[in-house]
Amino acid sequence: MPKPTATAASRPPIVAIVGHIDHGKSTLLDYIRKTNVVDSEAGGITQHLSAYEAVHKNASGEHRVTFLDTPGHAAFAGMRARGLEAADVAVLVVSSEEGVKPQTLEALKLITQVNLPYIVAFTKIDKPGSNIEKAKMSMLEHQIFLEGLGGDVPWVGISSKSGEGIPELLDLILLAAEIKGLSSNPEAPAKGLVIEAHVDPKRGNTATLIIRDGQVSGGNFVVAGAAVAPVRIMENFMGKPIKEAYAGSPVRIIGFSELPVVGVQFELIKNKKEAEAAASAVSSQRRSAMPTQTAAARSEKDTGLEATEKEEAPEIFILPLLIKTDVAGVGEAVAHELAKLSIDPSMELRVVGRTVGAITEGDVRLLSGGKVPGIIVGFNVKVEREARELAERQGVEIQLFDIIYKLTEWLAEAIEKRRPRQETQVRIGLARVLKLFNTAKGRIVLGGRVEEGSLKQNEEVRIMRRDIEIGRGTIVGLQSNKKEVREVEAGSEFGAMLKTSCEPAPNDKLEVYKVEFT
């Protein structure tokens, strides 16, 4: 790709592709980049924020464009927001078969918040179910005014299979960028946004950056919040080593002192001492912002008041949870899904950590130290052999996933299984004693009538007199119409032999209960 010249118009546009899940975002980029990323995506959905560069040739020459592919699943709202924050132009992808869907509207809301120019791309126009006019009407119903329908939002119908409409879409992107008047100084130190971060098992803390201005070159230092990295190992979006990168480009930097926070702004600093000082200042601000225990709280703890309050409060069942993901942004998506779970008030799902990388022995020890062994959920990560063996011994459950909604579905079931159960007794049978026939010690023969439910042989009954329990017994024999039976239904008279230590009387009641856990 050509090196940009030092003019204000040299910066290529950064374009965020957003829209509802399965409306064709990744397939569109596949056609543009002539690659096939979609088939390698678990479950057929994009679950990472990815950056790609492409070249569009038209009558005016070659033009570089950087694309940000954002996930469409509802859980990845944070990734979509970051992608739009880094972008200059947005493409709102809408299926011509389905029209506007929930994430279409959510994406549009995010576009509006950051005041981005955008283009609507109606995809799948080659499909039999395609109906662009109907899809356009669905946009109008949601106050999205397209060109030709009372508005100024440009649109185009495209097929990512045949390529129809895609050159026109790229021309509209370049026009929107030209109208916006993008500018950059290629000689200035770079500034931009961290869009993703992960731990490379062999190379350490790694982050993907989008350069908004200036250039990144070797010998300098990237500062992203409290994280610092020397620019020694730098790669382009294809993973190939590069020595310099310019505004509008995605770049991967390896070797950060700690994993950068996704969404944080980065800057390039030439001097190592100044870079470390800038990162240290952020660390200090972070520590000072952390909540501290007040003197009153310490005094309360010292006098035992805190313990008294805890004793008076109802006991809460705490289930520890550790989230391990391949990249930082996915941990954010898992937390988003957790917030939607309905959890019993007697239970607390306590997230003890949200970290990146393989599941280790230390992770398992963290989850095995409390009263209840916890759960570790991993997304696109591996489990170290020692960690798995320790988890089996300690009772810590580890589950691995590669699709976000499968993770949250399983977790909802796991939480429900571990929920503390409240024991309740439900009456399933009620009979009235009509007559006593034999009151031999330990064995009572009586006659009665079933008023509710049924009585069964070998069931335990409560013997009630004026709503007061006087004893309990077991039905060891049951007759109806002078025949041995195993069950007598409501409305029927019966004879029964009770094994009991008390003496029932006429008009006493026999009650049968079953225990239910709710």
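Bridging of LYS272 to lysines at a Cα separation below 20 Å is possible for LYS191, LYS243, once same-chain residues fewer than 8 apart are set aside.
Packing here is the average count of other Cβ atoms within 10 Å per residue, and on that basis the peptides 83-96, 468-481, 142-155, 222-235, highest first, run 83-96, 222-235, 468-481, 142-155. Counting only residues at least eight positions apart within a chain, or on another chain, the aspartates and glutamates with an alpha carbon under 18 Å from that of LYS180 are GLU85, ASP88, ASP152, ASP171, ASP213.
State whether the chain is rounded, prolate or oblate according to the following rule on the C-alpha gyration tensor (a ≥ b ≥ c being the square roots of its eigenvalues): a/c under 1.5 gives rounded; otherwise a/b larger than b/c gives prolate, and the remaining case gives oblate. In terms of gyration-tensor shape, prolate. Say R0 is 41 Å: what FRET efficiency, to the nearest 0.05, do GLU397 and VAL264 get from their beta-carbon distance? Once rounded, the FRET efficiency stands at 0.80. Under a 5 Å amide H cut-off, with hydrogens placed 1.01 Å from N, GLY471 pairs with ILE463 among residues at least 5 apart or on other chains. Relative protection proxy for 268-280, 395-407, from highest mean packing down: 395-407, 268-280 (other beta-carbon atoms within 10 angstrom). Coupling constants for the range 230-241 follow from the phi torsions by the Karplus curve (6.51 cos²θ - 1.76 cosθ + 1.60, θ = phi - 60°), and in residue order they are x, 7, 10, 10, 9, 10, 7, 5, 8, x, 8, x Hz; glycine and proline get x.
Backbone geometry of the range 446-455 corresponds, through the Karplus equation with coefficients 6.51, -1.76 and 1.60 at θ = phi - 60°, to 3J(HN,Hα) couplings of 9, x, x, 10, 7, 9, 9, x, 7, 10 Hz, x marking Gly and Pro.
Within straight-line reach of LYS340, meaning a Cα separation under 17 Å, sit the following lysines at least 8 residues removed in sequence or on another chain: LYS406.
Close amide-amide hydrogen proximity is noted between GLU451 and LEU430, ALA431, ARG432, GLY491, each under 5 Å apart and 5 or more residues distant or on a separate chain (H modeled in the peptide plane; Pro and chain starts excluded). In the neighborhood of ASP344, defined by Cβ-to-Cβ distances under 11 Å, what is the net charge if each Lys or Arg adds +1 and each Asp or Glu adds -1? Residues close to ASP344 contribute a combined charge of +1.
Indicate the gyration tensor shape class of the range 14-180 (rounded, prolate or oblate), computed on the Cα atoms with a ≥ b ≥ c the square roots of the eigenvalues: a/c under 1.5 is rounded; otherwise a/b larger than b/c is prolate and the rest oblate. Rounded shape, in that the Cα axes give a/c under 1.5. Would you work out if the range 315-418 is rounded, prolate or oblate? Take a ≥ b ≥ c from the square roots of the eigenvalues of the alpha-carbon gyration tensor; rounded if a/c is under 1.5, else prolate when a/b is larger than b/c, oblate otherwise. Oblate, because a/c is 1.5 or more while a/b does not exceed b/c.
Net charge around GLY447, counting only other residues with Cβ within less than 11 Å of its Cβ (Lys, Arg = +1; Asp, Glu = -1)?
On the way: positive: ARG432, LYS435, ARG449; negative: GLU493.
Counting the neighbours of GLY447, the net charge comes to +2.
May I ask you to order 239-247, 375-383, 454-462 by the average number of other C-beta atoms within 10 Å around their residues, highest value first? Working shown, then result.
Details: 239-247: 15.0, 375-383: 20.8, 454-462: 17.1.
Per-residue Cβ counts within 10 Å, averaged per peptide and sorted highest first, yield 375-383, 454-462, 239-247.
Amide H contacts for ASN220 (H built 1.01 Å from N in the peptide plane; partners 5 or more residues away or on another chain; cut-off under 5 Å): VAL231. For the range 161-166, backbone phi angles converted through the Karplus equation (6.51, -1.76, 1.60; θ = phi - 60°) give residue-by-residue couplings of 8, 9, x, 4, x, 6 Hz, Gly and Pro being listed as x. The number of Lys pairs in the range 423-517 with C-alpha atoms less than 21 Å apart, excluding pairs fewer than 8 positions apart on the same chain, is 16.
Quick one: which of LYS109/LYS382; LYS324/LYS371; LYS124/LYS324; LYS34/LYS202 span more than 25 angstrom between C-alpha atoms? Present the calculation step by step, with values, prior to reporting the outcome.
On the way: LYS109/LYS382 36 Å; LYS324/LYS371 22 Å; LYS124/LYS324 36 Å; LYS34/LYS202 30 Å.
Over 25 Å Cα-Cα: LYS109/LYS382; LYS124/LYS324; LYS34/LYS202.
Can you work out the FRET efficiency for the pair SER346 and GLU384, with r the C-beta to C-beta distance and R0 = 25 Å, to the nearest 0.05? Don't skip to the answer; put the middle values down first.
Values: r = 34 Å, r/R0 = 1.38.
Efficiency at R0 = 25 Å is approximately 0.15.
Where a number appears in this text, it was derived from the coordinates with a stated rule and is not lab data. Because the structure is a prediction, the values reported are computed rather than measured. Every residue, glycine among them, receives a Cβ derived from its backbone with ideal geometry; neighbour counts consider all protein chains shown.
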